[in-house]
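These notes are about the structure you will find just below.
Nothing in this text is a laboratory measurement; each read-out follows from the coordinates by a stated rule. Bear in mind the structure is a predicted one, so any value in this text is a computation, not a measurement. Every residue, glycine as well, gets a Cβ built from its backbone with ideal geometry; the counts of neighbours run over all protein chains shown.
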Amino acid sequence: MTEYCIPAGPGEAEFTEKRSRFLGHLRPVGSEEEARAFITEMKKKYYDARHNCWCYLIKDGPERYSDDGEPQGTAGIPMLEVLRREGVYNAACVVTRYFGGVLLGAGGLLRAYTRSAGDALAAAGIAQMRCWVELELSCSYAMAERLKLETAAFGGVVADMEYGAAVTLKVLVPEENSGDFAGRIFDVSSGSVTAKITGEAMRAVRIS
C-alpha cells in the first residue's frame, strides 16, 4: 500500500536576519491549482515585499519553484529541498522577504530560505498518509497506559479514549502490523484484552 507524508496543517514562521524579515508560510494542497491559488494569495497579501519566493510538490504530479528575483538557486530550490528531505508531498510554501538593506550573499540567502521553509514545516507538522487498521481495546484503568505504550511500539497511534466502567482505546495501527499487534495485546494482558478490528481506512495521521 502506498504511503507518504503531507503537512498536518498550515504553518507559518518568522525571523529576522541582518534586518531582513523572512515570513514563511506553508499549506497542504491537493492539486497544482490549489498551490497556485495559495501563492497568488500570499503575493497579494505581501504585495509590498521585495521577494515572494515559492515552491510546491504534488504527489504523482509536478514540482515547481521560483526565486522571485533572488539570485538563481538561492531560494526556490533550497525551499523545495526541505520538502524533499522530509518526504513531504502535497505542500506549497511561500517565503516572503522584506529586504533590510544588508546583502546576505548567496550562502546567507540559501540558509535563510532553508530555515524559513523548515520552520514553517515544523509549525505545520507532518502527517503520514497510509492504510491504517482501526481497532478498539477495552481494558482496566490500570492497563490503559501499558496498552498505549504497546500501540506506539507497533507504529500506531491512539485516536481516542473513552472512560466508563472500563477504558476503551480506539487505536490506529499500520496495516502490516495489525496481526502481530493483536497477538501482543492478548499476550501482555494475559488474555483479558482482545483487539477488536472495527475497520480500515486510508487517512493521514499526524506523526510529528
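Close lysine pairs were tallied over the chain: pairs 8 or more places apart or on different chains with Cα atoms under 26 Å apart number 7. Overall, the chain carries a charge dipole of about 800 debye about its Cα centre when +1 sits on the Cβ of Lys and Arg and -1 on the Cβ of Asp and Glu, all other atoms neutral. Normalised by the number of residues in the range 96-176, the mean separation of alpha-carbon contacts (under 8 Å, six or more apart) gives a relative contact order of 30 percent.
Semi-axes of the equivalent ellipsoid for the range 37-138, computed as √(5λ) from the eigenvalues of its C-alpha gyration tensor and ordered from largest down, come to 31, 14, 13 Å.
The modelled label-to-label distance between ARG84 and THR16, using points 7 Å beyond Cα along the C-beta direction, is 3.4 nm.
Rounded to the nearest 20, the Cβ-based charge dipole of the range 128-206 about its Cα centre (Lys and Arg +1, Asp and Glu -1) stands at 160 debye.
Taken as Cα centroids, the range 73-126 and the range 139-208 sit 38 Å apart, rounded to the nearest whole angstrom. As a calculated quantity, the FRET efficiency between ASP60 and PHE99 at R0 = 22 Å, using C-beta atoms, amounts to about 0.05.
Taking the C-alpha atoms only, the angle from helix 141-153 to the longest principal axis of the chain is near 50 degrees. Over the range 128-206, the ratio between the Cα radius of gyration and 2.2 N^0.38 Å evaluates to 1.00. Here the ratio of the Cα radius of gyration of the chain to 2.2 N^0.38 Å is 1.31.
Put simply, when 146-154, 42-50 are sorted by average Cβ atoms within 10 angstrom per residue, most first, you get 146-154, 42-50. Around GLY61, what is the net charge, scoring Lys/Arg as +1 and Asp/Glu as -1 over all other residues with Cβ under 15 Å from its Cβ? Net charge around GLY61: -1. When DSSP beta bridges are restricted to pairs lying wholly in the range 4-124, around 95% turn out antiparallel. For the range 4-145, the relative contact order comes to 38 percent (Cα pairs under 8 Å, sequence separation of at least 6). Multiplying the residue separation of MET202 and GLU33 by 0.36 nm and subtracting their alpha-carbon distance yields 58.5 nm.
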